[in-house]
Amino acid sequence: MDNKIKGNPDGKMMACESRKCNKKYSNSFNSEGDGSVVWSREGIKLSLLNRLMTLSELNDMKTIEVVAAIIVRNGEVFATQRGYGEFKGWWEFPGGKIESGECPQEALKREIREELDAEIAVGDLLETIEWDYPNFHLTMHCFICSLLSESMHLNEHEAATWLNLENLRSVKWLPADVILLDRIAEYLRRDPAI
């Protein structure tokens with residue numbers, strides 16, 4: 001299956017009310033009726049007929065739903081280097097799995113407390129990424145965030161850094177995270193003082 005992005009073209013935040021989530025994510029894909037899909041923002045035509053996986057394989061693939069914090073400060077974004085697993089040494093935006101009963105914003109605050117001993121303010125949804133890794137399908141909700149204090153401690157990562165527009169692509173990003181770089185660059189260009 002082709003990897004896709006679900007956009008948030010109207011710029012609205014995902015709602016989080018009374019520990020329940022309003023899962024009305026916008027879908028920027030439109031069926032063309034000819035076995036293809038058009039990603040409307042860029043007009044990219046993705047053939048569904050040229051998939052590498054059968055539908056039965058897709059149905060058997062485990063889906064993992066996660067959140068990622070795009071922590072922004074003074075025109076830079078915060079990146080962390082994985083300290084474990086198959087992608088050890090690769091870079092990502094911090095975050096993690098959404099637990100049962102949590103909305104994405106609550107999960108993100110919890111994950112950042114666990115990973116960085118830090119408190120964040122969760123802002124707008126930047127993108128929802130859909131990505132097929134070899135053994136699972138990833139749905140990653142990526143939110144613009146800000147630190148509520150400057151104190152952080154790496155509990156799970158090998159390293160961390162602040163990246164600006166010039167060096168945003170200087171690290172080896174995880175495949176699902178690299179998709180966000182153009183959107184993040186666009187966000188930083190709009191308001192570099194953030």
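The values are calculated or read from the model by the stated rules, or taken from the named source; none is laboratory data. Keep in mind it's a predicted model, so treat the numbers as computed, not measured. Note that we place each Cβ from the backbone using ideal geometry, even for glycine, and neighbour counts take in every protein chain shown.
Please specify each residue of region 128-152 satisfying the condition of being out of contact with any Leu (no Cβ under 6 Å at 6 or more places or on another chain), buried (at least 19 other Cβ atoms within 10 Å of the Cβ) and under 16 Å from Val77 (Cβ atoms).
Ile129, Met140, Cys145
Pairs under 6 Å by beta carbon, first residue free of Cβ contacts under 8 Å to residues at least 12 places away in the same chain in region 69-85, partner surrounded by 18 or more Cβ atoms within 10 Å (Cβ to Cβ), six or more apart or different chains?
So the pair list comes out empty.
Regarding Leu168, is this residue out of contact with any helix residue (DSSP H, G or I) (no Cβ under 8 Å at 6 or more places or on another chain), surrounded by 17 or more Cβ atoms within 10 Å (Cβ to Cβ) and either at pLDDT below 95 or of a type in the set (A, V, I, L, M) (or both)? Can you show your working first?
On the way: out of contact with any helix residue (DSSP H, G or I) (no Cβ under 8 Å at 6 or more places or on another chain): no; surrounded by 17 or more Cβ atoms within 10 Å (Cβ to Cβ): yes; either at pLDDT below 95 or of a type in the set (A, V, I, L, M) (or both): yes.
So Leu168 does not fit the description; no.
If the Cβ limit is 7 Å and pairs must be 6+ apart or interchain, which residue in region 154-181 that is assigned by TED's automatic domain parsing to the domain that holds Gly83 and under 22 Å from Phe136 (Cα atoms) pairs with which residue that is assigned to a loop (DSSP other than H, G, I, E, B) and at pLDDT 95 or above?
Lys172/Trp90; Trp173/Trp90; Leu174/Trp90; Asp177/Phe93
Which of the residues belonging to region 94-127 are among the aliphatic types (A, V, I, L, M), assigned to a strand (DSSP E or B) and crowded, with 20+ Cβ neighbours inside 10 Å? Working first, answer last.
So in region 94-127, the residues among the aliphatic types (A, V, I, L, M) come out as 98, 107-108, 112, 116, 118, 120-122, 125-126.
Subset that is assigned to a strand (DSSP E or B): 120-122, 125-126.
Listed by number, the residues that qualify are Ile120, Val122, Leu125, Leu126.
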